[in-house]
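Presented below is the structure to which this report refers.
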């Protein structure tokens, strides 16, 4: 870039050609006031506060949209400029309502700041109030457009950052205002309530709606403390506003280098009021005569330790298990599994993140030789092509969806493989409307046909990438007609897909649609093949982006929360690995792999498992066949549940321990990129609740020879030393997973070939079932996370009243004589539920869509409990159902 | 009375002609406005989809320009000029007469969707002052009698058509 020099306020500055005057001034410490400028948005020159005067020509220019030129000489604060600025602000203030005294924006208001800096107390103009309707029906955002100064940041953020397009300017001149389509209220528009506009609005025109309750908060938070969101796997950086000891507002963090920058989603922004719910656990409780009785910590911990040790002594270590937690911190997961392995000598350690797909992610990691662990979302803008498989990020991980949509707008082709017409489909260069659960055929076919050595002798290919022959031989897996028949895609579309992918290094986004499907174990392996064949391993802008649904499902696995893994993803089966850990922890360690979550339920049913410690999980709500899970856990001799809320599972526990939410303790989470984010407490835990790591530390002392760590820093030091993958774990701020096998230059080499092996498994017969004629797809809603344990305690979500209606295609609706809002009974071979229906254009005939999390997550009654890694598993994504009007 | 029904097949074919056009929004909207007299709000979504825009952006463009309307106008749009020359030549009484004759205020459309009364700042035919436009036809050197006979003519032409 050509360097130029110019003079600003008499000071000679250098910058590259094309830089705006505003940026050039900023870079040299010269402050220019502005209202419509934002580092992430394209400058528009709307507010005209950034004007500067050209000394040579006398022209007045908006510096944000004026490129610097060689030998320019500008003044940023001449008398003429000052006068114009004051007039601009005076006019804005004359149009502004005089409600500063009660406006919640308070001192954060940029208009107020600019006016104060310019010394404008009175405008001395006739007031020209611009009355606009006051919109506050939805529980998330309050719109008072009489305060709008037309900076356009809300519209620009909506279009450029989150790419939803719910609002745009309507009319012109004095009547100009941001408006939704048909000027409908936000809840009847395409607004996703991400709240990005609220955080970015410089005045009080857009503000967050305080959740309903006895003490709705009024005013601005007293202080803002940084944290990391505890909902999905993106791990957005938050600035949490507090008043007293309560969190009252959440905004995106202003720190540089965060994954979410200025965006959030409706959960991260507005669902955190669950932290103040009345159902928070505040005291330990021991169940006596069927009733939970408040107890002191000492008593509770002593009881737990003695019961566990006594059961272990009587029935052996195979009778005790530890379950948790894809929501708790890295440090807590490390302590948890260490406690289980060292003091209870059991490998029955697992967490629900593994159950819901992380176990397959781990296999893909092994298949790639650990060379694919860091995938930065910001690199998606360098992708050559992005393939989205079985994912609906606009609901599961909204910030990922923003990245994908922005990439699509930049011109990067998006290929979306998805049975229903989701929002992401509208940004796709190609939409492959696949029959549910036939992705295996498609991916295998694509991988085989894109094999760079296609055309070589099959024997040769088979030599380097075993299984290829079997694939080719298995009745034409590479024939487009056959693939088309099975997947329901037409040959032309398949050909176009292959053309789009050929020769490009793909970025592949993989969601639960793949991981949790019936052939997940094969499909996920096939995805890795596709990546390797495309040469995408170790290339910036390519790779596999696994949409981790939970904030720390990756970290939990990394810290050894798995029945056959040590911390650092080291396999239990490896004797050398186990001996190393025996040395580190100075103890003998059991070598038999333990039970998975599904295995623990079965073991409890059979009476093999006698004692279970559940931390930060709610299996009675999140697992399939909830009644069966409840009965199994009720069979246990001793059940301890450590959680932050009163849940379905705490109801059947023998001892209940109150833990702390992420905002109430120190810790770190690892997000779906491999970013390890460390955070500190924002407020203290409620009542007598304690950070979970403290509870485990104190419990370990009572379980055996354990010197209490006493501080989180000590635990971190141990993790850094023993887990090389986590040597970049910070005490504050973010680090990254250290890839133990650096992946430079793996693409296109024989080494990559050696990682590919095809499995010729086929999607089994998809013929319709007379008794259960519909295919029900289960999926996420952006307003809730997972099973909804936390988000259904958010007062705002409760007020919003999401019914989670079952989606049915209009044709089927008409055929069954149904109308929107009718109640239906849906049954699978495992169980039944009742819900209202809603016609959904984007669904095919014979398909229904059932949202999770709502109604006590009752959709889980329709699915069978099985582990995804079992070849016979029917998966957790889809089931066959029948519908009847109630 | 209901506004005239929209022929959706015609609407669809107009939209299809401009599908995927890079700067096609305004020409497309102009065609719809020309064909139907207004842009039905229910057309916003199909137009947006065809041009790969947000519906809110389409609505933004429609509301920006006075030439586009989201509400149907009458069969005869009467635009009375209130520019300087016309004003001097008595346009105010012309306007008042028309308001009384049609029982419409400025900007309103009659219930039978026959007439819309509007005023404009200048028609550029000052030598014919006072002037008015009926759809695309200019009428100049107006006098109260002339105005009354004009309105009768347009009213009758409607009745003729319904015979």
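Between residue B:19 and residue B:42, how high is the FRET efficiency from 1/(1 + (r/R0)^6) when r is the Cβ-Cβ distance and R₀ = 25 Å? Nearest 0.05. All intermediate terms of the calculation are to be shown ahead of the outcome.
Values: r = 18 Å, r/R0 = 0.71.
Calculated transfer efficiency: 0.90.
Rounded, prolate or oblate, given the Cα gyration tensor of region A:94-223, with a/c below 1.5 counting as rounded?
Details: a/c = 1.68, a/b = 1.19, b/c = 1.41.
Cα axes put region A:94-223 in the oblate bin.
What is region B:7-101's relative contact order, in percent, from Cα pairs under 8 angstrom and six or more apart in sequence?
On the way: 71 pairs, mean separation 22.6, N = 95.
Result for region B:7-101 is 24 percent.
Highest mean first, how do A:20-26, B:79-85 rank when packing is the count of other Cβ atoms within 10 Å averaged over residues? Each step should come with its number before you reach the end.
On the way: A:20-26: 22.3, B:79-85: 19.9.
By packing density, highest mean first, the sequence is A:20-26, B:79-85.
When the helix-only estimate is applied to chain A (DSSP H runs of n ≥ 4, each -39,500 (n - 2.57), divided by the residue count), what is the mean residue ellipticity at 222 nm, nearest 500 deg cm²/dmol?
Working: 27 runs with 243 residues, N = 886.
Mean residue ellipticity, 222 nm, calculated: -7500 deg cm²/dmol.
In which sequence would A:772, A:126 go, from the one with the fewest C-beta neighbours within 10 Å to the one with the most? It would help to have the intermediate numbers written out before the result.
Details: A:772 17, A:126 6.
Result, fewest neighbours first: A:126, A:772.
In whole angstrom, and with the biggest value first, how far do the Cα coordinates of chain B range along each principal axis?
So the three principal-axis extents are 51, 40, 22 Å.
Per-residue mean of other chain beta-carbon atoms within 10 angstrom of the beta-carbon, peptide A:180-192? Don't jump to the answer; show the numbers that get you there.
On the way: counts 3, 11, 8, 3, 0, 0, 0, 0, 0, 2, 3, 1, 0.
Shielding by partners across A:180-192 averages 2.
Determine, for A:727, A:665, A:313, A:105, the number of other Cβ atoms within 10 Å of each Cβ, and report the residues in order from fewest to most. Don't skip to the answer; put the middle values down first.
On the way: A:727 14, A:665 25, A:313 9, A:105 21.
Lowest to highest Cβ neighbour count: A:313, A:727, A:105, A:665.
Expressed as a rounded percentage, what relative contact order does chain A have, with Cα pairs under 8 Å and six or more residues apart?
Working: 1955 pairs, mean separation 120.4, N = 886.
Here the relative contact order equals 14 percent.
Using Cα atoms only, what is the angle between the long axis of helix A:330-343 and the major principal axis of chain A, expressed in degrees (0 to 90) to the nearest 10?
20 degrees
With r as the distance between the Cβ atoms of residue B:84 and residue A:69 and R0 = 60 Å, compute the FRET efficiency 1/(1 + (r/R0)^6) and round to 0.05.
Details: r = 44 Å, r/R0 = 0.73.
Taking R0 as 60 Å, the efficiency between residue A:69 and residue B:84 is 0.85.
Length gain on complete extension for the stretch residue A:176 to residue A:215, per 0.36 nm per residue less the alpha carbon to alpha carbon distance?
Working: separation 39, 0.36 × 39 = 14.04 nm, distance 3.64 nm.
Using 0.36 nm per residue and subtracting the Cα-Cα distance, I get 10.4 nm.
Any idea what the relative contact order of region A:222-271 is, in percent, if you count C-alpha pairs under 8 Å spaced at least 6 apart?
On the way: 86 pairs, mean separation 15.2, N = 50.
Relative contact order, region A:222-271: 30 percent.
Quick one: if the Förster radius is 45 Å, what FRET efficiency do residue A:635 and residue A:580 give, using the C-beta to C-beta distance and rounding to 0.05?
Numbers: r = 37 Å, r/R0 = 0.83.
That gives a FRET efficiency of 0.75.
Could you tell me whether the protein assembly as shown comes out rounded, prolate or oblate from its Cα gyration tensor? Rule is a ≥ b ≥ c as square roots of the eigenvalues, rounded for a/c under 1.5, then prolate if a/b exceeds b/c, otherwise oblate. Walk me through the intermediate numbers first.
Numbers: a/c = 1.88, a/b = 1.61, b/c = 1.17.
Verdict is prolate for the protein assembly as shown.
What is the angle, in °, between the Cα long axis of helix B:144-162 and the longest principal axis of the Cα atoms in chain B? Nearest 10 is fine, range 0 to 90.
50 degrees
What does the extension gain come out to for residue A:94 and residue A:382, with contour length at 0.36 nm per residue minus their alpha carbon separation?
Details: separation 288, 0.36 × 288 = 103.68 nm, distance 4.66 nm.
Between residue A:94 and residue A:382, full extension yields an extra 99.0 nm.
To test your reading of the geometry: what angle, between 0 and 90 degrees and rounded to tens, separates the Cα axis of helix A:575-585 from the longest principal axis of chain A?
Value to nearest ten degrees: 70.
Shape of region B:4-74 from its Cα gyration tensor (a ≥ b ≥ c, root eigenvalues): rounded if a/c is under 1.5, otherwise prolate when a/b > b/c, or oblate? Please list the in-between numbers first.
Working: a/c = 1.68, a/b = 1.19, b/c = 1.41.
Since a/c reaches 1.5 but b/c is at least a/b, the shape of region B:4-74 is classed as oblate.
In nm, to one decimal, how far is the residue A:409 label point from the residue A:680 one, both placed 7 Å along Cα→Cβ?
Once both label points are built, they end up 3.7 nm from each other.
Would you mind computing, in nm to one decimal, how far apart the modelled labels at residue A:605 and residue A:841 are, each placed 7 Å from Cα along Cα→Cβ?
Those two pseudo-labels are separated by 4.4 nm.
Report the residues of region A:1-22 in range of a label on residue A:31: point 7 Å along Cα→C-beta, backbone N strictly under 12 Å from it.
none
How much length is gained if the chain between residue B:96 and residue B:155 is pulled fully straight, taking 0.36 nm per residue apart and subtracting their Cα-Cα distance, in nm to one decimal? Before the final figure, lay out each step's value.
Working: separation 59, 0.36 × 59 = 21.24 nm, distance 1.86 nm.
Full extension from residue B:96 to residue B:155 adds 19.4 nm.
Taking neighbour Cβ counts within 10 Å as the exposure measure, how do A:422, A:717 sort from fewest upward?
Lowest count first: A:717, A:422.
Bear in mind these aren't lab numbers, they're just calculated from the coordinates by the rules spelled out. A quick note: this is a predicted structure, and the numbers were derived from the prediction, not measured. In this analysis, Cβ positions are derived from the backbone assuming ideal geometry, glycine residues included, and neighbour counts consider all displayed protein chains.
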